[in-house]
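**Student:** Just passing along the structure, written as C-alpha cells.
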Amino acid sequence: MGLSDLTSADKKVYEYLKANDFVEKAWSTKKAATALKMKEDEVYDSLSNLAEYMRNNIHIHYRDGSIRIGAN
C-alpha cells in the first residue's frame, strides 16, 4: 500500500508526523488532534492504519515515559 491508497485523514497524520520530530520530542495525540483539527479517536485510527499499511515508513516506540514516532 502506498501513500495514494491512504484516506485523507491518514495522509494528514502522516504528513504531520513527517513534518515534526516525535523521536526527540514526545508524541501527544491531544496536540496532534488540535493541530490537525481532528478528533483524538480519528488520530488514533489513522496511527493504527499507518502502522499497518505504511509499516516500512513508520516507527513507533516507547522511551522515557513517552511514545515516540518517526516517519519517513
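**Student:** Counting Lys +1, Arg +1, Asp -1, Glu -1, what net charge surrounds T7 among other residues with beta carbon under 12 Å of its beta carbon?
**Tutor:** Surrounding charge for T7 is -2.
**Student:** Would you mind calculating the relative contact order of the chain from Cα pairs under 8 angstrom and at least 6 residues apart, reporting the percent as a whole number? Can you show the working numbers first?
**Tutor:** Details: 75 pairs, mean separation 28.8, N = 72.
The normalised contact order for the chain reaches 40 percent.
**Student:** Same structure, new question: Rounded to the nearest 500 deg cm²/dmol, what is the calculated helix-only ellipticity per residue at 222 nm for the chain, with -39500 (n - 2.57) per DSSP H run of length n ≥ 4? Could you put the intermediate results ahead of the total?
**Tutor:** Working: 3 runs with 34 residues, N = 72.
Estimated from H runs of four or more residues: -14500 deg cm²/dmol.
**Student:** Check F22: other-chain or 5+ apart residues with amide H under 5 Å from its amide H, H built from backbone geometry?
**Tutor:** Residues meeting the amide H criterion: I69.
**Student:** Using the basic label-point model (7 angstrom from Cα toward the beta carbon), what is the S4 to A19 distance in nanometres?
**Tutor:** Once both label points are built, they end up 2.3 nm from each other.
**Student:** Rg and Dmax of region 3-71 over Cα atoms: what are they, in angstrom?
**Tutor:** Considering region 3-71 through its Cα atoms, Rg and Dmax are 11.1, 34 Å.
**Student:** Let me ask you something else. When only DSSP loop residues count, what GluC sites (Glu not before Pro) in region 16-60 have their Cβ near at most 13 other Cβ atoms within 10 Å?
**Tutor:** Details: sites: E24, E40, E42, E52; in loops: E24.
Here the sparse-neighbourhood loop sites are E24.
**Student:** Lysine pairs, Cα distance under 18 Å, 8 or more residues apart or cross-chain: how many in the chain?
**Tutor:** So the count works out to 13.
All of the numbers you see were taken from the coordinates with simple rules; none came from a lab. As the structure is a computational prediction, the values presented were derived from the model and not from experiment. Cβ atoms come from the backbone with ideal geometry, glycine included; neighbour counts cover every protein chain shown.
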